[in-house]
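The structure appears right after this line, and notes come after that.
The values are calculated or read from the model by the stated rules, or taken from the named source; none is laboratory data. Here the structure is a predicted model, which means the values were calculated and not measured. Quick reminder, even Gly has a Cβ in these numbers, built from the backbone with ideal geometry, and neighbours come from all protein chains shown.
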Amino acid sequence: MKEQLFHDSHDHAFRSPFGAIESGTVLSIALLVSKGLRHKEVYFHTIKKDAEEKHIMEASDLSTEDDIYKVSLDSKDYTGLIFYYFSISTENDTIYYGNNAAILGGVGYTYCEIPPFYQITVYKKHHVVPDWFKNTVVYQIFPDRFYHKNSIIKSPKKNSFIYANWEDDPFYIKDSQGRIQRWDFFGGNIEGIIEKLHYLKDLGIGAIYLNPIFESPSNHRYDTSNYKRIDPVLGEDADFEKLCTMAKDLGIRVILDGVFSHTGDDSLYFNRYGRFDEVGAYQSKESKYYPWYQFEEYPHKYKCWWDIDAMPNVSELNDSYLDYIIRDEDSVLSHWMKKGAMGWRLDVADELPDEFIKLLKKKIKQVSPDSVLIGEVWEDASNKVSYGLRREYFYGEELDSVMNYPLRNIMIDFITDYINGSTAHRRIMSLYENYPRENFYSCLNLISGHDVARIQTVMENKFHDTEMAVKALKLVVVFQMTFPGVPCIYYGDEAGLRGNTDPDNRRTYPWGNENEEILSFYKEIIGLRNSDDVFVTGDFHSLFIEDDIYAFTRSNSNKMMLIAMNKSSEQKAFRLPFLEEELILEPMSWIIKEK
């Protein structure tokens with residue numbers, strides 16, 4: 001049966017230009033209406049920051065069977081999201097047309113009531129993300145587990161657990177309530193990272209993202225004790241400066257993890273246990289740090305991160321906190337950037353006020369215009385709602401990049417047969433449509449990390465066969481390395497390191513016991529990406545081939561590259577209009593082919 005109404009937000013005939021638009025752009029919107037519908041009026045509805053407007057659409061391009069109704073939308077002097085849908089009055093009723101039920105954009109549906117909305121992202125012309133970041137491959141390091149240069153741990157922490165062997169599996173020592181009693185350490189340190197810089201260079205890495213390195217009682221260091229001191233277990237300030245200098249000489253930048261929504265309770269600022277010389281907020285209301293925190297019943301009851309009392313929340317917009325972290329001449333940001341840091345990854349960005357992120361972004365660009373700001377966001381960052389507020393990440397003054405968990409889920413779900421090629425295509429197109437191009441091409445595309453299971457284990461859990469798991473892993477890595485954005489490798493993935501979720505995903509790097517097949521493959525595919533700009537800056541076009549095949553092209557003025565992946569256990573053959581020959585994909589394989 002022929003559709004009486006039709007709109008496709010991915011088709012230039014119905015929405016032009018495609019995707020996110022710069023403020024001031026005039027957008028053309030069209031809706032096809034069948035003459036058989038016997039309609040009277042056609043309306044275009046927009047919602048801008050909860051204010052709805054209704055625009056009458058004008059008929060144009062009349063044909064014998066259908067009418068095309070059009071409207072122009074001027075985004076002048078506006079930034080933010082614009083949502084839209086259509087309504088059509090008929091002889092008997094009003095019907096609606098809006099986004100599909102999955103809210104993925106593209107072809108929509110007809111509804112009898114107010115439908116799901118389409119989205120337009122409108123952004124200011126903003127700082128261009130530094131080329132060095134867009135052109136690089138990032139390597140994430142959990143410092144305690146990468147490499148220790150010396151067998152003896154410097155400055156071991158009181159009441160900690162130190163492993164006898166580098167190859168031991170990590171575990172937590174907890175009490176009956178699940179609280180960790182002793183933090184465990186392997187002894188990885190900054191000197192160890194320096195020792196392995198040439199390994200990273202040979203691998204093809206251009207940036208290192210370090211999980212927190214500031215003083216803390218824990219091994220993960222997301223419970224900061226002192227923002228201006230390197231954790232003594234890891235080394236000293238001089239070690240960090242040496243790392244940045246030597247890395248820079250090799251063309252490698254260093255990105256730090258900024259944990260600014262909360263501190264540790266065992267910290268210079270809160271000082272719950274009295275370990276620090278300064279008077280902390282927990283000890284006295286007269287403490288200069290008292291205004292940072294949110295006490296409900298002083299001193300024992302206070303707001304904390306996810307109700308973990310070892311991580312008291314801060315009031316990020318408190319003036320003295322802003323001065324300390326951002327505004328002072330020797331603020332935390334300035335302190336470490338002057339020592340060589342070239343960017344920050346913001347932990348739990350959705351728990352930081354938008355104004356805090358904007359101030360932070362402005363500051364780091366003042367200190368170093370070539371710096372980069374990455375946010376930890378687990379969902380579509382263009383329309384993220386957190387604590388009842390629509391977040392502002394991509395409007396031009398905020399984040400350069402986000403950790404691309406949505407793409408990670410798409411890649412893994414497709415390869416493991418949880419979704420088919422059509423769904424993968426639609427989900428990718430939704431991100432492509434919603435993100436400004438500059439941000440889409442700067443997303444940190446990860447497949448493993450310290451908060452999720454390692455890719456080797458994900459695939460082994462799915463296929464229960466090591467050979468098949470390695471094939472599946474390679475498919476995901478091909479996807480990652482040829483897709484728009486910045487690939488991020490979690491230390492050890494390239495060596496076949498296994499691990500379920502925390503703490504198992506934080507095992508030590510298997511020096512001397514690497515999976516040579518996987519390591520060789522990583523070097524090859526990173527080398528391919530680094531050797532051809534088409535995989536970095538080339539235009540992107542997503543293709544749906546069939547349920548078991550997902551493909552896309554990357555193209556520039558010199559060439560077009562086709563990347564196609566077959567996730568099935570059977571050989572697949574397919575044709576494309578722009579290729580003369582039929583292509584054959586073996587089971588669990590890929591093609592990277594120049595047109």
Margin query: Suppose the filter is without any contact (Cβ under 8 Å) to a residue 40 or more places away in the chain and of a type in the set (Ser, Thr, Tyr); does THR466 pass it?
Written below: yes
Item checked: Positions within region 242-283 being out of contact with any Leu (no Cβ under 8 Å at 6 or more places or on another chain), surrounded by 14 or more Cβ atoms within 10 Å (Cβ to Cβ) and among the small types (Gly, Ala, Ser), in sequence order -> GLY264, SER267, ALA281
Next item on the list: State all residues of region 174-213 that are more than 20 Å from LYS149 (Cβ to Cβ) and of a type in the set (A, V, I, L, M, F, W, C); if no residue qualifies, say none.
Entry: ILE180, TRP183, ALA207
Checklist line | Among the residues listed as ASP413, ASP370, the single one being out of contact with any strand residue (DSSP E or B) (no Cβ under 6 Å at 6 or more places or on another chain) and under 27 Å from GLU460 (Cα atoms) | finding: ASP413
Next item on the list: Could you grab me the full set of residues in region 129-154 that are basic (Lys, Arg) and either surrounded by fewer than 19 Cβ atoms within 10 Å (Cβ to Cβ) or over 17 Å from PRO170 (Cα atoms) (or both)?
Entry: LYS134, LYS149, LYS154
Note to self: Go through (1) closer than 30 Å to PHE440 by Cα; (2) surrounded by fewer than 16 Cβ atoms within 10 Å (Cβ to Cβ); (3) of a type outside the set (Phe, Trp, Tyr) for THR90 and report which single condition fails.
What the structure shows: (1)
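Yes/no matrix, rows are residues, columns are (1) touching a helix residue (DSSP H, G or I) at 6+ places or on another chain (Cβ under 8 Å); (2) polar (S, T, N, Q); (3) more than 15 Å from LEU32 (Cα to Cα); (4) in the same structural domain as PHE18 (by TED's automatic domain parsing):
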site	(1), (2), (3), (4)
ALA59	no, no, no, yes
TYR78	no, no, yes, yes
TYR84	no, no, yes, yes
THR94	no, yes, yes, yes
THR110	no, yes, no, yes
Next item on the list: Can you confirm whether region 65-75 contains a residue that is of a type outside the set (Gly, Ala, Ser) and in a loop (DSSP other than H, G, I, E, B)?
Entry: yes
Checklist line | Scan of region 265-324 for residues that are of a type in the set (Ser, Thr, Tyr) and under 17 Å from LYS228 (Cα atoms), ordered by number | finding: SER267, TYR269, TYR289, SER320, TYR321, TYR324
Next item on the list: Restrict the check to region 367-386 and report whether at least one residue is more than 18 Å from the chain's Cα centre (by Cα) and part of a helix (DSSP H, G or I).
Entry: yes
Next item on the list: Select from region 17-50 the residues that are surrounded by fewer than 18 Cβ atoms within 10 Å (Cβ to Cβ) and closer than 18 Å to TYR97 by Cα and list them in ascending order.
Entry: SER28, SER34, LYS35, GLY36, LEU37, ARG38, LYS40, GLU41, ILE47
Check: What are the residue pairs meeting all of these: first residue in region 301-315, first residue among the charged types (D, E, K, R), second residue outside any strand (DSSP E or B), Cβ atoms under 8 Å, and 6 or more apart or on different chains?
Finding: LYS303/GLN294; ASP309/ASP265
Next item on the list: Return yes or no: is ASP354 crowded, with 19+ Cβ neighbours inside 10 Å and closer than 18 Å to GLU398 by Cβ?
Entry: no
Checklist line | One residue from VAL348, VAL314, VAL372 being touching a Phe, Trp or Tyr at 6+ places or on another chain (Cβ under 7 Å) and more than 21 Å from GLY206 (Cα to Cα) | finding: VAL314
Next item on the list: Check region 206-221 and report whether any residue there is crowded, with 20+ Cβ neighbours inside 10 Å, assigned to a helix (DSSP H, G or I) and touching a Leu at 6+ places or on another chain (Cβ under 9 Å).
Entry: no
Next item on the list: Would you confirm whether any residue within region 458-468 is aromatic (Phe, Trp, Tyr) and buried (at least 23 other Cβ atoms within 10 Å of the Cβ)?
Entry: no
Check: Pairs, please: C-beta under 6 Å, at least 6 apart or cross-chain, first residue outside any loop (DSSP other than H, G, I, E, B) and modelled with pLDDT of 95 or more and in region 566-580, second of a type in the set (Ser, Thr, Tyr) and surrounded by 10 or more Cβ atoms within 10 Å (Cβ to Cβ)?
Finding: ASN566/SER589
Note to self: Among the residues of region 408-429, are any hydroxyl-bearing (Ser, Thr, Tyr) and either buried (at least 22 other Cβ atoms within 10 Å of the Cβ) or within 21 Å of VAL372 (Cβ to Cβ) (or both)?
What the structure shows: no
Check: Applying the selection to region 155-179, what residues are surrounded by 14 or more Cβ atoms within 10 Å (Cβ to Cβ) and over 28 Å from ASP309 (Cα atoms)?
Finding: TRP166
Checklist line | Set TRP344, TRP336: member being more than 16 Å from ASN226 (Cα to Cα), of a type outside the set (D, E, K, R) and crowded, with 21+ Cβ neighbours inside 10 Å | finding: TRP344
Checklist line | Selection within region 245-264 - of a type outside the set (Gly, Ala, Ser) and within 16 Å of PRO212 (Cβ to Cβ) | finding: VAL254, ILE255, LEU256, ASP257, VAL259, PHE260, HIS262, THR263
